[in-house]
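Heads up: the structure comes next, in structure tokens.
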Amino acid sequence: MSQFISVFDMLKIGVGPSSSHTLGPWRAAQQWIQKLKKDELIETVSSIKVDLYGSLSLTGKGHATDLAVLLGLSGTDPEYIPIDNIEHIISEIKQTNTLNFNAEKVLNFSINQVIFNKDFLPFHSNGLTFRAFSKEKNEISSETYYSIGGGFVIQEEVKTSTTTEINKQNFPFPINRASELEDYCNSKNKKISEIVLQNELVLKTEEEIDSELLRIWNTMLECMYIGCHTKGTLPGGLNVKRRAFETHKKLIKEAAYTNKNEWITAIRSTEVKFREILKWVSCCALAVNEVNASLGRVVTAPTNGSAGVIPSVLMYYLVIENHNADFEHIKKFLLVAGEIGSVFKKNATISAAMGGCQAEIGVSSAMAAGALTELLGGTPSQCLVAAEIAMEHHLGLTCDPIGGLVQIPCIERNAMGAIKAINAAELALETNPEDSLVPLDKVIDTMWETAKDMNRNYKETSEGGLAITVGLADC
């Protein structure tokens with residue numbers, strides 16, 4: 001049975017800087033609280049302890065993993081929490097040594113009760129265990145969760161289960177491999193976005209789908225807008241200067257606008273020589289990931305660390321390629337991107353802790369390339385060729401963030417991934433798919449084999465690569 005992964009699973013709204021190290025642990029805390037409630041244990045909880053393992057521990061400080069856990073335990077939701085509330089909640093915990101557990105009961109709590117363990121759990125690199133104790137100091141709950149990338153959280157027994165409730169639904173086009181998606185498109189004479197939409201309609205009405213996709217796009221647009229209009233230095237200690245602000249200032253010149261929607265029209269009125277196009281795409285990608293690095297709200301696409309690629313490529317289409325584009329174009333783009341991402345997740349990984357940066361920037365570039373190709377008039381086969389080209393040229397890309405922060409080289413990589421996606425789409429549009437020698441499924445398989453062979457030091461541990469050769473002292 002094919003596993004169904006919704007577009008809304010691949011494109012989640014959350015808080016930065018990392019989907020696997022911030023959003024995932026936050027969601028895990030929420031899941032643990034729900035289990036305590038289900039087991040009728042929450043009223044007996046007197047104290048708690050959290051253990052972080054493996055990659056969550058090694059780069060947890062730089063990814064704000066400990067803070068994300070505290071926010072989850074406080075009963076907040078990353079999709080809806082006012083960003084300005086984050087600092088206040090964390091400060092309150094640190095200053096009072098108390099935690100308002102699920103906003104229901106105040107517990108004595110020190111931030112040192114989130115413990116960083118360098119040991120790796122055997123099941124996955126990103127493991128964390130929540131423990132609850134009674135007033136008599138007896139352990140009443142111990143649950144281990146794994147953050148497997150893109151904000152997805154599982155427990156080992158769930159992972160090994162053969163079916164889930166959602167997969168018992170009757171989806172018209174069950175898809176596991178890219179070749180199956182291509183076959184459906186060809187046999188039904190439909191675009192990829194049309195096939196994907198039919199599957200999504202099993203779970204939501206078209207009105208609900210449109211509403212959620214519009215909310216996702218508005219979050220992306222707002223993120224680009226905020227990033228392009230915010231100057232200063234990113235938090236974390238590297239003193240990385242925000243670059244999107246100055247680049248945007250030079251590009252936008254004197255164009256007038258008062259909000260993010262007018263901003264799109266203003267950009268359309270600017271110069272569109274090749275260099276300016278490169279700068280606009282890069283600027284939008286940088287803007288998103290500067291917001292992400294500041295614990296801002298972004299859309300995992302498919303992860304927080306690669307959140308800038310898809311919005312910047314979609315923005316390119318809206319402001320450069322088609323000034324008459326409307327929501328229907330945005331909808332198609334997001335549907336195609338989400339489906340391509342899901343095929344990668346089913347057959348490989350979207351977790352840098354498992355596969356290096358090829359699993360984040362590489363996958364996001366492939367998602368954007370395939371989606372852009374459909375909007376530019378490409379066939380379904382050409383869309384898959386574009387995704388293959390984009391991924392092929394990210395194979396082996398390591399994840400070695402300096403200081404464990406999602407800043408260097410992560411932010412620039414989004415700009416590079418976006419440019420590669422546009423280039424891949426153009427190459428695919430000039431390609432007869434019958435002449436393509438490398439199917440998308442084969443490059444996905446290769447990516448997964450590369451991930452398994454990759455040295456652990458280059459999988460989001462900050463124990464190799466740039467993270468070692470360029471130390472904090474150098475910055």
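What follows is calculated from the coordinates using simple rules that are stated; it is not laboratory data. Model, not experiment: these values are computed from the prediction. All Cβ positions, glycine included, derive from the backbone under ideal geometry; neighbour counts span all protein chains shown.
Could you list MET367, MET391 in order of exposure, starting from the residue whose Cβ has the fewest other Cβ atoms within 10 Å?
The order, fewest Cβ neighbours first, is MET391, MET367.
Around PHE109, which amide H atoms from residues at least 5 apart in sequence, or from another chain, sit under 5 Å from its own amide H, with H modelled in the peptide plane?
Long-range HN contacts for PHE109: THR98, LEU99.
Once each part is reduced to its C-alpha centroid, what is the distance from the stretch 300-317 to the stretch 404-453 in angstrom?
So the separation of the two Cα centres works out to 14 Å.
Sorting ILE267, ILE422 on the 10 Å Cβ count, fewest up front, what's the list?
Lowest count first: ILE267, ILE422.
If you plug each phi of the stretch 83-96 into the Karplus form 6.51 cos²θ - 1.76 cosθ + 1.60 with θ = phi - 60°, what whole-Hz ³J(HN,Hα) values come out, in order, with x for Gly and Pro?
For the stretch 83-96, the Karplus-derived couplings read 4, 5, 7, 4, 4, 5, 4, 5, 4, 4, 5, 5, 6, 9 Hz, x marking Gly and Pro.
Please give every one of the aspartates and glutamates within straight-line cross-link reach of LYS38, meaning a C-alpha to C-alpha distance under 15 Å, and leave out same-chain neighbours fewer than 8 residues apart.
Cα-Cα hits under 15 Å: GLU143.
Based on the Cβ-Cβ distance from ASN170 to SER211, what FRET efficiency comes out when R0 is 25 Å, to the nearest 0.05?
0.60
Could you tell me which of rounded, prolate or oblate describes the stretch 166-474, using a ≥ b ≥ c as the square roots of the eigenvalues of the alpha-carbon gyration tensor, with rounded for a/c under 1.5 and, failing that, prolate when a/b is larger than b/c and oblate otherwise?
oblate
Based on alpha-carbon centroids, what's the gap between the stretch 206-261 and the stretch 72-106 in Å, whole number please?
Cα centroid of the stretch 206-261 versus Cα centroid of the stretch 72-106: 26 Å apart.
Pairs LYS191/LYS420; LYS204/LYS332; LYS191/LYS260; LYS12/LYS204; LYS61/LYS94; LYS49/LYS137: which exceed 19 Å Cα-Cα?
LYS191/LYS420; LYS191/LYS260
Could you give the longest part of the chain that holds none of the trypsin sites (Lys or Arg not before Pro) found in DSSP loops with at most 15 neighbouring Cβ atoms within 10 Å?
Within the chain, the longest run free of exposed trypsin sites (Lys or Arg not before Pro) spans 274-475.
First measure r as the distance between the Cβ atoms of THR233 and ILE320, then evaluate 1/(1 + (r/R0)^6) with R0 = 35 Å and state the FRET efficiency to the nearest 0.05.
Between THR233 and ILE320 the formula returns 0.70.
How would you rank VAL288, VAL336, going from fewest to most other Cβ atoms within 10 Å of each one's own Cβ?
Arranged by neighbour count, lowest to highest, VAL288, VAL336 become VAL336, VAL288.
Can you work out the Karplus-derived ³J(HN,Hα) for every residue in the stretch 299-309? Use 6.51 cos²θ - 1.76 cosθ + 1.60 with θ = phi - 60°, whole Hz, and x for glycine or proline.
So the Karplus estimates, Gly and Pro as x, are 10, 5, 8, x, 10, 5, x, 10, 5, x, 5 Hz.
Pull out the extension gain between LYS188 and LYS38, defined as 0.36 nm times the separation in residues minus the alpha carbon to alpha carbon distance; nm, one decimal.
Gain in length upon complete extension: 49.5 nm.
How many nm is it between the label spots at PHE274 and SER47, if each spot is 7 Å from the Cα in line with the beta carbon?
6.6 nm
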